[in-house]
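Below: one structure, written as structure tokens.
The values are calculated or read from the model by the stated rules, or taken from the named source; none is laboratory data. For clarity, every value in this text was computed on a predicted model and none was experimentally measured. Quick reminder, even Gly has a Cβ in these numbers, built from the backbone with ideal geometry, and neighbours come from all protein chains shown.
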């Protein structure tokens, strides 16, 4: 690198005493890198790049909101953005400061406005409430993985399409058949496999493989990663 002094062309946020997280990503699929910023006071915002990657020009910020129009707040670390349901639109994953990890599915708008209702993230068949940090691990020709820092250890979770319990990249009758084989198993059973627990039970209830897991699979019928 050349020894060159860098000067800011524009101050986006001027904050002190609060957490700020940022992520650079093409949020609206226009092949230009946009800026996602989280502010404790303002919430989650997107600055769309209306220039080019070589000459970046950021538009005015747009708040990312949920289905009720409320901002996304209370985050512990930088959010993750990935097309989880393979519908072509980016979805949002967040680590809450005082709650479970949650996911918001995009409703098919290029700016993620608005998102769906928050849903507790399914991490290995159960909710995740002890993550300190999170990131996506993307390697060529490999299934994307979500890496979580939990109690001082790193855990990697494969980002599979919901219902693809066989791991072949497509949801079909083979997945339904495998789930049916473990019908009505609970966490207390020796044969319990959290991979088949696609739809989390209500908080406090014992997890069980039932019709809700079949229904979750059917929603993605014949979809491919």
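Before moving on, here are some points about what is shown:
- Considering only residues in region 200-213 that are free of Cβ contacts under 8 Å to residues at least 24 places away in the same chain and assigned to a loop (DSSP other than H, G, I, E, B), the one that is nearest to residue 123 (Cα to Cα) turns out to be 201.
- Residue within region 95-106 that is loosely packed, with under 14 Cβ neighbours inside 10 Å, assigned to a loop (DSSP other than H, G, I, E, B) and modelled with pLDDT of 85 or more present: yes
- Hey, residue 138 over 15 Å from the mean Cα position of the chain (by Cα) and either touching a residue at least 40 places away in the same chain (Cβ under 8 Å) or surrounded by fewer than 14 Cβ atoms within 10 Å (Cβ to Cβ) (or both) or not: no
- Taken together, the criteria place residue 71 among residues that are within 25 Å of residue 20 (Cβ to Cβ) and in contact (Cβ under 8 Å) with a residue 12 or more places away in the chain.
- Taking the criterion of being crowded, with 16+ Cβ neighbours inside 10 Å and closer than 22 Å to residue 75 by Cα, the residues of region 156-167 that qualify are 157, 159.
- Single condition residue 183 does not satisfy, out of (1) more than 14 Å from residue 196 (Cα to Cα); (2) assigned to a loop (DSSP other than H, G, I, E, B); (3) at pLDDT 90 or above: (1)
- Just one of the listed residues (126, 153, 76) is within 20 Å of residue 37 (Cβ to Cβ) and either in contact with a helix residue (DSSP H, G or I) (Cβ under 8 Å, 6 or more places away or on another chain) or at pLDDT 90 or above (or both), namely 76.
- Taken over region 168-204, the criterion of being surrounded by fewer than 18 Cβ atoms within 10 Å (Cβ to Cβ), farther than 21 Å from residue 87 by Cβ and under 24 Å from the mean Cα position of the chain (by Cα) is satisfied by 193, 194, 195, 201, 202, 203, 204.
- Selection status of residue 169, in contact with a helix residue (DSSP H, G or I) (Cβ under 6 Å, 6 or more places away or on another chain) and over 30 Å from residue 49 (Cβ atoms): no
- For region 205-225, filtering for residues that are surrounded by 12 or more Cβ atoms within 10 Å (Cβ to Cβ) and in contact with a strand residue (DSSP E or B) (Cβ under 6 Å, 6 or more places away or on another chain) leaves 2.
- Candidates in region 6-59 are the residues that are within 25 Å of the chain's Cα centre (by Cα) and on the phi > 0 side of the Ramachandran plot; of these, the one that is modelled with the lowest pLDDT is 29.
- Some residue of region 165-174 being in a strand (DSSP E or B) and over 17 Å from residue 200 (Cβ atoms): yes
- Within region 146-163, the set of residues being touching a strand residue (DSSP E or B) at 6+ places or on another chain (Cβ under 7 Å) and either in a loop (DSSP other than H, G, I, E, B) or farther than 26 Å from residue 101 by Cα (or both) comprises just one member, 159.
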